[in-house]
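Below you'll find the structure, written out as C-alpha cells, and then a few comments.
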Amino acid sequence: MKQHVSILLTLLLILPVSGCGYRFAPAGETMDRKIKAVYIDTFRNHTSEAQVENYVRNAFINQFIRGNRFKSADEKETSDAVLSGKITGLSTSHVSYEKNDTAREDTISLSFDVEFRDSEGTILWAKKSLSGREAYRIDDNPTITGKNRKEALRKLSRDMAEKTYRDIMSGF
C-alpha cells in the first residue's frame, strides 16, 4: 500500500511539469505553410570587405536547405518568400598578445539587417543589427593569417545564418 501511495505521489508531482507544452526546438509553426520556396537575395554590402556578401548569402542558402522546411528558389519571381539584408558593419580587433606585444589572435565582428518577406512584399520577420564575432589566429605568414581570417568570416556567417534561421522559425 505504501508503495502505491509513493508511486501516485510521484506521478502527481511529475505530470504538471511534463504537460507544460514547452518545446525547445522550433519547427516553424509560426510561418505560413503556403511558403515553400524561398529566394535568398544577395545581401547589400555596406563595408569595405570584398566578398563578405557572398559568404553571408551562401551561409543562408545552406541553412535554409539544411532546415528542411523550405526549398530554395532560383529566382525571386518563382518564390513564395524572399530573404534579403544588408551588411552594416565589419571590424577586426586584437584579442591576445605575446610577451613582446605582438598580436597573436584577432576577432572579426560582423553585423547585418535581415528581412523575410512574402511574395506580396509583406514583412514576415525582420531584425536590425544582428551581430556576432569569431576569433582567428594571427600567423607570422600573412597568407596564413589571411586564410584564417577568411575561414573565421565564413564560420561567423554560418553561425549567424543558423541563429537567424532559428529566430525566424520560432517567431522571435
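Just so you know, all these numbers are worked out from the coordinates, no wet-lab data involved. The structure displayed is predicted, hence computed values, not measured ones. Here Cβ is always computed from backbone atoms with ideal geometry, including for glycine, and neighbour counts include all displayed protein chains.
Quote to one decimal, in nm, the extra length available between ASP101 and HIS46 on full extension: 0.36 nm per residue of separation minus the C-alpha distance between them. Before the final figure, lay out the partial values.
On the way: separation 55, 0.36 × 55 = 19.80 nm, distance 3.22 nm.
Answer, rounded to one decimal: 16.6 nm.
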Around ALA50, under 13 Å between beta carbons, what's the net of Lys plus Arg minus Asp minus Glu among the other residues? 0
Across 10 Å bins from 0, what is the distribution of all Cα-Cα pair distances for segment 58-110, in whole percents? 18, 30, 20, 18, 11, 3
Each label sits 7 Å from Cα toward the beta-carbon; between ARG137 and ARG33 the label points are separated, in nm, by 5.0 nm
Do the alpha carbons of any pairs in LYS71/LYS163; LYS127/LYS147; LYS36/LYS127; LYS34/LYS71; LYS71/LYS147 sit beyond 23 Å of each other, and which pairs? LYS127/LYS147; LYS71/LYS147
Find how much the distance from THR145 to ILE61 grows on full extension, using 0.36 nm per residue of separation minus their present alpha carbon separation; answer in nm with one decimal. 27.5 nm
Summing Lys, Arg as +1 and Asp, Glu as -1, what charge do residues with Cβ under 15 Å from the Cβ of ALA152 carry, ALA152 excluded? +2
Relative intensity, log₁₀ I(q)/I(0), of segment 91-139 from a Debye sum that treats every alpha carbon as a point, q = 0.20, 0.22 Å⁻¹: -0.70, -0.77
Around ILE138, under 12 Å between beta carbons, what's the net of Lys plus Arg minus Asp minus Glu among the other residues? -1
